[in-house]
């Protein structure tokens, strides 16, 4: 009897052990395969799968120390990739997508027989406009890589003006255009191609940046969302609800996807985030690289970089009327002046720019956003010889050391705890000979630019958004006054004029970039000696009359008299660069002093060729 009892106890213990062991195995195994081949089900499967992988025990199966360390390293790498893949880290994105692909093929059971159930690849009439675009972008990407979107737009002239519902004109890409391109291309996809498209769609819903995920990685100038359509607060109003009852469609803020292509803002009308919740998710994820801080209602905005150097700005209510983001991408490759300036008479403009650098001239490069200021600035750095270069930026855009690794260059940028003025103050102590300011946008930075141009460096280059030369000088003058450096506007203007040498103004019209003008700034002849005749008069009345002349001259100088004049040296006319007024003798002499013998000889020949003067 005792033996029987012992046998029963042992069997029971074995049963309990087997039960616990099976339960533990089920807990650590990947989630059960879902038989519904639906994108939402796939995303849920992947979410559970990654949660299980992260939470599973590293000690399962009593691994050796070497195997344990491998498991730990793989988990750490996956966790890191999942945290950074949505911030512009392309290597992390590829790693996560490879994991997803393996889970779908090995565990979920995705195969040739059911891939079309997820996205109806074989039935073009059942594809959504987003399906068509994703497939087209994937097929173009196989041939053109990160230039796929640019090639698509160029090939099918998608950057053409359309008449908008309000009667105005704008650039947009419609659903009809995308479907027409899909019919023309007739993309044939293999099973592996279909898997890649499905994985990308699942990734952008689960961890990526929604409908802009692949578009953001392309070599475009930028992309933004939430910047058109009805804001959420308006959608809740009685008037809007009454309007929609009448079967009118009005796009909402989450329907807004815009891209910046060759200076044109293209509205991708066929794309939508689908809901305010999805737009908010993208906005909250896109700015998080490097833990820049929390975007909350009290602050309302955040400016940061992404892992690939793109600049991202995110705004939210109540500061903005809706959630919105702006990604600005900067080409970190060098575009030579010969590639940028291609119109008739291009050698005239190119040589003039080169001589401005060789002549150590303080130069302001102006123009609207997207006109090519930074691209031109990067090309000009090539002509700065044997000088230590110090660069101050809001965010890293120039990447000069990547293009000129042999030059002595150090770039600074603003951070939440270090202002632009602080960075510029540090630059004074870093033996810089040439100061470059990425954008003179704040009063304190403008004040430093003017100071540096006069005493702190041999010469300075900076960019600004001034539209005309008088606008530029007025803006710089006002910044000097606002910063507290000067209290008198006239004196501040004189300081600006004496600091500046030339203005290169860039223009972007109808997608074409060119230099509209190169202008010399000429300080007015300052007769600081006011009339002193009252000293030589004998009677009090005569002295008073003469003194009034002195006061009249003073007030004339302080009010309506300009502290400068300017002449256009080179202008762009009818598609050609044309030489206009010659450089002043004062500037020619100043530039020659800063050139060596060979450079001076070339400069003299240049002046003789285009203006018929001897330098």
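Every number here is computed from the coordinates shown, using simple stated rules; none is lab data. Being a predicted model, the structure only gives us computed values, none of them experimental. Don't worry about glycine lacking a Cβ; one is built from the backbone with ideal geometry, like all the others, and counts go over all protein chains shown.
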**Prompt:** Quick one, which of (1) 166; (2) 276; (3) 149 is the actual volume of the Cα convex hull per residue in Å³ calculated for this model?
**Reply:** (2)
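How much length is gained if the chain between residue 291 and residue 491 is pulled fully straight, taking 0.36 nm per residue apart and subtracting their Cα-Cα distance, in nm to one decimal?
Stretched out fully, the residue 291 to residue 491 stretch lengthens by 67.6 nm.
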**Relative contact order of the range 312-375, defined on C-alpha pairs under 8 angstrom at six or more residues apart (%)** = 20
**Asked** Rounded to the nearest 0.05, what FRET efficiency do residue 609 and residue 383 have when you use their Cβ-Cβ distance and R0 = 25 Å?
**Response** 0.85
**Prompt:** Taking the mean number of other Cβ atoms within 10 Å as a proxy for protection, how do you rank 503-511, 445-453, 104-112 from highest to lowest?
**Reply:** 445-453, 503-511, 104-112
**Message:** Can you compute the FRET efficiency between residue 512 and residue 482 using 1/(1 + (r/R0)^6), with r the Cβ-Cβ distance and R0 = 35 Å? Round to the nearest 0.05.
**Reply:** 0.50
**Message:** Starting from 0.36 nm per residue, how many nanometres of slack lie between residue 278 and residue 401 once their C-alpha separation is accounted for?
**Reply:** 40.4 nm
**Rounded to 10°, Cα long-axis angle of helix 469-482 versus longest principal axis of the chain** = 80
**Item:** Net lengthening on full extension, residue 125/residue 59 (0.36 nm per residue, minus Cα-Cα)
**Value:** 18.7 nm
**Fill in**
Pseudo-spin-label distance residue 190 to residue 590, built 7 Å along Cα→Cβ, given in nm, is 6.5
**Estimated distance in nm for a label pair at residue 319 and residue 166, the labels positioned 7 Å out from Cα along Cα-to-Cβ** = 2.5
**Request:** May I ask you to derive the FRET efficiency for residue 299 and residue 415 from their Cβ-Cβ distance with R0 = 22 Å, giving the value to the nearest 0.05?
**Result:** 0.90
**Message:** Ranking request for peptides 77-85, 291-299: highest mean number of other beta-carbon atoms within 10 Å first, then the rest in descending order.
**Reply:** 77-85, 291-299
**Item:** Crossing angle, helix 597-611 versus the chain [Cα axis fit, 0-90 degrees, rounded to tens]
**Value:** 80
**Message:** So for each of 192-203, 419-430 I average, over its residues, the number of other beta carbons within 10 Å; can you give me the resulting order with the highest mean first?
**Reply:** 192-203, 419-430
**Prompt:** So what's the angle, to the nearest 10 degrees on a 0 to 90 scale, between helix 39-55 and the longest Cα principal axis of the chain?
**Reply:** 90
**Asked** In nanometres, what is the gap between the two model label sites at residue 471 and residue 598, each 7 Å from Cα along Cα-to-Cβ?
**Response** 4.1
**Asked** Add -39500 (n - 2.57) for each DSSP H run of 4 or more in the chain, then divide by its residues: what number comes out at 222 nm, to the nearest 500 deg cm²/dmol?
**Response** -13500 deg cm²/dmol
